[in-house]
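In what follows, a structure is listed as structure tokens, so that the remarks can point back to it.
The values are calculated or read from the model by the stated rules, or taken from the named source; none is laboratory data. Quick caveat, the model's predicted, so the values are computed rather than measured. All Cβ positions, glycine included, derive from the backbone under ideal geometry; neighbour counts span all protein chains shown.
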Amino acid sequence: MCLAVPGIIESIEDAEPLMRTGRVSFGGIVKEVNLAYVPEAKVGDYVLVHVGFALNIVDEDEAAQVFEYLRQIGELDELEETEAQGDDALH
Amino acid sequence: MRFIDEYRDPEAARHFAEALRRITTRPWTLMEVCGGQTHAIVKFGVDDLLPPEITLLHGPGCPVCVTPVELIDRALELAARPEVIFTSFGDMLRVPGSGTDLLSVKAAGGDVRMVYSPLDAVKIAQKNPDRQVVFFAVGFETTAPANAMAVYQARRLGVENFSLLVSHVLVPPAIEAILSSPERRVDGFLAAGHVCTVVGFSEYEPLATRYQVPFVVTGFEPLDILQGVYMAVKQLEEGRAEVENQYSRAVQRQGNLPAQQLVAEVFEVVPRKWRGIGEIAHSGLGLRPEYAAYDAERRFDLATGPVDESSECISGLVLQGLKKPHECPAFGTRCTPEQPLGATMVSNEGACAAYYRYRRTPQSVTQEDAN
């Protein structure tokens, strides 16, 4: 029910703010989307679309956060392993 | 597709599962309150990747499921009227009321139309000025901005033959109802990402403090869910109870302010009855008095009253995380998606329907338990 799909804005039809719409491509399928709730959105932005409304601009910097987090916990684990091995060597 | 496919990488999922195994020292029970997450967890087998200490419970995260039977009966009554064009998202069409469903009303001659957006319903109303167009406004906070905009535009454009049958519910009051239950089994919550895209997550902060439970705002893809689980378990293992945001590519703490403003312009907080649970105070949205002219329950004289539900159905216990779907004796036998007895079987996003659809036949569950 709360499904929202990311798509890229291809064009914007500038009307008054609450009626602003754009054409958004979802992997090639293009739909008209209401952009009233993302007034700062521009062509080329990825937006999350739910029932014909863009609810947010996808933050491209944060998009890699999942992998960065995984790398961090992986690195930390490796570090702990190295330290543990170092401790073993001392004993 | 970009921003979807990369979050389904099996190798990264295995790494998350491995990291989770390393930090988990005790049994923990987490609950997601989002049908989309429930569906993804069961479809992708995310729960099978978790260490055995971690249990995922599936809370009341499906607005379609928790829409009360009498409201569906009202939808059916409206849809059968000759002057009405009844419009709805597709997922409400098969949900049974006490007798039939919207698709059957359509087959019997009712003018029932599936729409992608509530604005499509406004357009139908503009094209059919001699008919009454009713939109079934079901949803959580995620959908409220769209439905608010439909009413707002209808009023601005002078579309008087348009109205909403409103069944809007809010997530935090339902979570608080679960937290305050003396039978509570939940140690932490995955908060639904797209609800938070709209309303932000500051509402969870007092709940985290008062009930000492972690909340992690979580996305919908397998890696999102695994990271959300990891962050929640890490908090539990470290004795923290904070609100964290896994889904930062789509959620900011304050949410979407223009959307919140229009929702507050059109809707007000009201008590709502949840199918399978009962009435929860301040748990829904209704149209404000200024927009009462667009309320289908006021516009039409409806005969449908309260309805009693099957006493065999345990969906209330499933929604509160007190039972799993396969613990119900009717699961998969007397209760199926085609002939559902209650809330959690009526939509794909309900926990019982998700278990029924993906590999969780009673036989496979028994085999799993035996292993």
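Looking at B:ALA296, is it surrounded by fewer than 14 Cβ atoms within 10 Å (Cβ to Cβ) and away from chain A (no Cβ under 14 Å)? Spell out how you get there, then give the answer.
On the way: surrounded by fewer than 14 Cβ atoms within 10 Å (Cβ to Cβ): no; away from chain A (no Cβ under 14 Å): yes.
Criteria not met by B:ALA296.
Residues to consider are B:SER311, B:SER315; find the one that is under 19 Å from B:GLU279 (Cβ atoms) and modelled with pLDDT of 85 or more. Write out each step before concluding.
Working: B:SER311 fails: modelled with pLDDT of 85 or more.
Result of the check over B:SER311, B:SER315: B:SER315.
Scanning the stretch B:1-40 for residues that are in a loop (DSSP other than H, G, I, E, B) and either among the acidic types (Asp, Glu) or within 21 Å of B:GLY193 (Cα to Cα) (or both) yields B:MET1, B:ARG2, B:PHE3, B:ILE4, B:ASP9, B:VAL33, B:CYS34. Could you tell me whether any residue of the stretch B:296-308 is among the charged types (D, E, K, R), in contact with a strand residue (DSSP E or B) (Cβ under 8 Å, 6 or more places away or on another chain), assigned to a strand (DSSP E or B) and in the same structural domain as B:VAL151 (by TED's automatic domain parsing)? Looking through the stretch B:296-308, none of the residues is among the charged types (D, E, K, R), in contact with a strand residue (DSSP E or B) (Cβ under 8 Å, 6 or more places away or on another chain), assigned to a strand (DSSP E or B) and in the same structural domain as B:VAL151 (by TED's automatic domain parsing).
Looking only at the stretch A:1-11, count how many residues are within 29 Å of B:HIS168 (Cβ to Cβ) and not in a loop (DSSP other than H, G, I, E, B).
Step one: of the stretch A:1-11, the residues within 29 Å of B:HIS168 (Cβ to Cβ) are A:1-7, A:9.
Next cut, not in a loop (DSSP other than H, G, I, E, B) only: A:5-7, A:9.
Of the residues in the stretch A:1-11, 4 are within 29 Å of B:HIS168 (Cβ to Cβ) and not in a loop (DSSP other than H, G, I, E, B).
Looking across the stretch B:15-30 at every residue that is of a type in the set (A, V, I, L, M) and surrounded by fewer than 24 Cβ atoms within 10 Å (Cβ to Cβ), the one that is farthest from the other protein chains (Cβ to nearest Cβ) is identified as B:ALA17. Only one of the listed residues (B:ASP130, B:ASP101) is farther than 26 Å from B:GLU279 by Cβ, free of Cβ contacts under 8 Å to residues at least 60 places away in the same chain and of a type in the set (D, E, K, R). That residue is B:ASP130. Return the residues of the stretch B:124-147 that are buried (at least 17 other Cβ atoms within 10 Å of the Cβ), of a type outside the set (Val, Ile, Thr) and more than 9 Å from chain A (Cβ to nearest Cβ); say none if nothing qualifies. Across the stretch B:124-147, the qualifying residues are B:ALA125, B:GLN132, B:PHE135, B:PHE136, B:ALA137, B:ALA144.
Of all residues in the stretch B:232-243, those that are surrounded by 24 or more Cβ atoms within 10 Å (Cβ to Cβ) and not small (Gly, Ala, Ser) total 1. Any residue at all in the stretch B:42-51 that is away from every other protein chain (no Cβ under 14 Å), farther than 25 Å from A:GLU68 by Cα and modelled with pLDDT of 95 or more? No: the stretch B:42-51 contains no residue that is away from every other protein chain (no Cβ under 14 Å), farther than 25 Å from A:GLU68 by Cα and modelled with pLDDT of 95 or more.
Restricting the search to the stretch B:326-353, which residues are of a type in the set (Asp, Glu), farther than 19 Å from B:VAL66 by Cβ and part of a loop (DSSP other than H, G, I, E, B)?
Looking only at the stretch B:326-353, we keep the residues that are of a type in the set (Asp, Glu), and these are B:327, B:338, B:349.
This time we only want the ones that are farther than 19 Å from B:VAL66 by Cβ, so: B:327, B:338.
Result: B:GLU338, single match.
Regarding the stretch B:277-284, can at least one residue be identified that is at pLDDT 95 or above, under 20 Å from B:ASP73 (Cβ atoms) and surrounded by 19 or more Cβ atoms within 10 Å (Cβ to Cβ)? Within the stretch B:277-284, one or more residues are at pLDDT 95 or above, under 20 Å from B:ASP73 (Cβ atoms) and surrounded by 19 or more Cβ atoms within 10 Å (Cβ to Cβ).
Taken over the stretch A:17-28, the criterion of being more than 10 Å from chain B (Cβ to nearest Cβ) and closer than 11 Å to A:PRO39 by Cβ is satisfied by A:ARG20 alone. Tell me the helices (runs of 4 or more DSSP H) entirely within the stretch B:126-205 that contain at least 3 residues that are at pLDDT below 95. In the stretch B:126-205, B:171-179 are the helices (runs of 4 or more DSSP H) which contain 3 or more residues that are at pLDDT below 95.
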